[in-house]
Amino acid sequence: MLQTMRWFGPNDPVSLMDIRQAGCAGVVTALHQIPVGDLWSIDAINERKQLVEADNDRYSPLQWAIVESLPVHEDIKKGRPTRDEYIENYKESIRNLATCGIKTVCYNFMPVLDWSRTNLNYEMPDGSRALRFVWEDFAIFDLCILKRPGAEVDYEPEIIESAHQKFSEMTPERIAELSNIVLLGLPGSEEAFTLDTFQGLLKEYATIGDAELRQNLYYFIQQVAPVAQDAGVNLCIHPDDPPRPLLGLPRVVSTEADLAQLMDASNVTANGITFCTGSLGIRPDNDLPAMIRRFGERIHFIHLRTTKREEDPRNFHEADHLAGDVDMYAVVKEIVLEQKRRAQQGIGETSIPMRPDHGHQMLDDLHKKTYPGYSAIGRLRGLAELRGLEMGIERSL
Ligand code: DNO
């Protein structure tokens, strides 16, 4: 695998030098400063590219390997008439990225929110800190803080009752914290909301159910994938995280069947997948090794991470990279086999780009302000373990 790490740009407390010293050759980044839907110009892309490559004459070279993400405007997700303008911008941004030599572009199609958690400081048995999602806490946000009309139908009576009970005992600090975690977005989410705007945005989805969102996704991919294919760019959709509907919003990229339908919607290699084991692995019905075999050459980018389901299986926390519910040995073995297949057939990149996704806040990072999930040392640990796993599997085959 091509080892990469995410870099949020010049303000990221983790530097390019850190990423280099973690042993990466690739950087995953995006022009987060550009509003969602606007064009990414060649100048803006080149400026970032130069930043990534600035020290390449003195040190081991880094390249901007992946865009994560080129975000999709909400009007496209909602299928509004204005979507065609945004789709034209999207196509142009893809062509511009190709001109600058950047050939892999990750995106997602989650309405309103990107990834979601309810706790950013969950203490692990070794004292490190992990991200966690607790269904009941999410219910508290939905029912008691947001007070979304009709939210009750999404929760069973026991959860509703305990959510209200727990809410009445929560400190104002914890209420603010929970609300901020959901509304202000986690790193990589491009939007921050107030409670009011958020409520309004959810309402705009009142008439958009599962079927409509799927149609809007397929419409989008049918427009952009052929353009990407011509430009030599691979698009790769990131699955929903967590992979299930939240806040009454549909989610359509959560299962093997969802991905299969999307792959069929535009049958070109450029219509591909970011295989995020962290997101897909939350659902026990996703058989990850089988999915790698099935989607094979459509996998253009890999996020390696695992969660651990808790007593209530809707709750999970992010585990050590090799110690969660995902059978990481089986996953990496399938990836190694896919790479061998590509090498034999002379197709695609034989080293699929991978990043260790998230990591625990640990060691020195416990005393620093870090981006949740994206502290340096936890990711370094994850990468080191995964690198060793890949080497061991490769040697033994
Ligand atoms: C979280 C990330 C997501 C991801 C986007 C891709 O850590 O995996 O924010 O980058 O959903 O579009």
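The values are calculated or read from the model by the stated rules, or taken from the named source; none is laboratory data. Everything quoted here is computed from the prediction, not taken from an experiment. Here Cβ is always computed from backbone atoms with ideal geometry, including for glycine, and neighbour counts include all displayed protein chains.
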Exercise. Answer with yes or no whether Gly37 is more than 16 Å from the ligand (Cβ to nearest atom), of a type in the set (Gly, Ala, Ser) and either closer than 24 Å to Ser351 by Cα or part of a loop (DSSP other than H, G, I, E, B) (or both).
Key: no
Self-check item: Exclusive hit being touching a residue at least 40 places away in the same chain (Cβ under 8 Å) and not hydroxyl-bearing (Ser, Thr, Tyr), set Glu297, Glu311
Solution: Glu297
Self-check item: Test: Phe138 is within 15 Å of the ligand (Cβ to nearest atom), within 21 Å of the chain's Cα centre (by Cα) and hydrophobic (A, V, I, L, M, F, W, C)
Solution: no
Self-check item: Answer from His360, His367 - the residue that is within 16 Å of the ligand (Cβ to nearest atom) and closer than 20 Å to Pro13 by Cβ
Solution: His360
Self-check item: Single residue of the stretch 231-242 satisfying the filter (part of a loop (DSSP other than H, G, I, E, B) and more than 14 Å from the ligand (Cβ to nearest atom)) that is surrounded by the fewest Cβ atoms within 10 Å (Cβ to Cβ)
Solution: Gly232
Self-check item: From Gly324, Gly346, residue being within 16 Å of the ligand (Cβ to nearest atom) and assigned by TED's automatic domain parsing to the domain that holds Gly392
Solution: Gly324
Quiz item: Among the listed residues Pro71, Pro10, Pro81, which satisfies the condition of being in a loop (DSSP other than H, G, I, E, B), closer than 26 Å to Val224 by Cα and more than 16 Å from the ligand (Cβ to nearest atom)?
Solution: Pro81
Quiz item: Which of the residues spanning the stretch 195-216 are surrounded by 14 or more Cβ atoms within 10 Å (Cβ to Cβ) and among the acidic types (Asp, Glu)?
Solution: Glu204, Glu212
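Yes/no per residue for (1) within 20 Å of the chain's Cα centre (by Cα); (2) of a type outside the set (A, V, I, L, M, F, W, C); (3) surrounded by fewer than 21 Cβ atoms within 10 Å (Cβ to Cβ):
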site	(1), (2), (3)
Gly37	yes, yes, yes
Trp40	no, no, no
Val72	yes, no, no
Gly79	no, yes, yes
Thr82	no, yes, yes
Practice problem: For the stretch 276-284, state whether one or more residues are surrounded by fewer than 20 Cβ atoms within 10 Å (Cβ to Cβ), touching a Pro at 6+ places or on another chain (Cβ under 8 Å) and among the hydroxyl-bearing types (Ser, Thr, Tyr). | Solution: no
Quiz item: Out of all the residues in the stretch 301-334, which are polar (S, T, N, Q) and surrounded by fewer than 23 Cβ atoms within 10 Å (Cβ to Cβ)?
Solution: Asn315
Quiz prompt | Matching helices (runs of 4 or more DSSP H) fully within the stretch 243-300 where at least 3 residues are within 13 Å of the ligand (Cβ to nearest atom) | solution = 277-280
Practice problem: Go through the stretch 364-397 and give me each residue that's touching a helix residue (DSSP H, G or I) at 6+ places or on another chain (Cβ under 8 Å) and free of Cβ contacts under 8 Å to residues at least 40 places away in the same chain. | Solution: Asp364, Asp365, Ile377
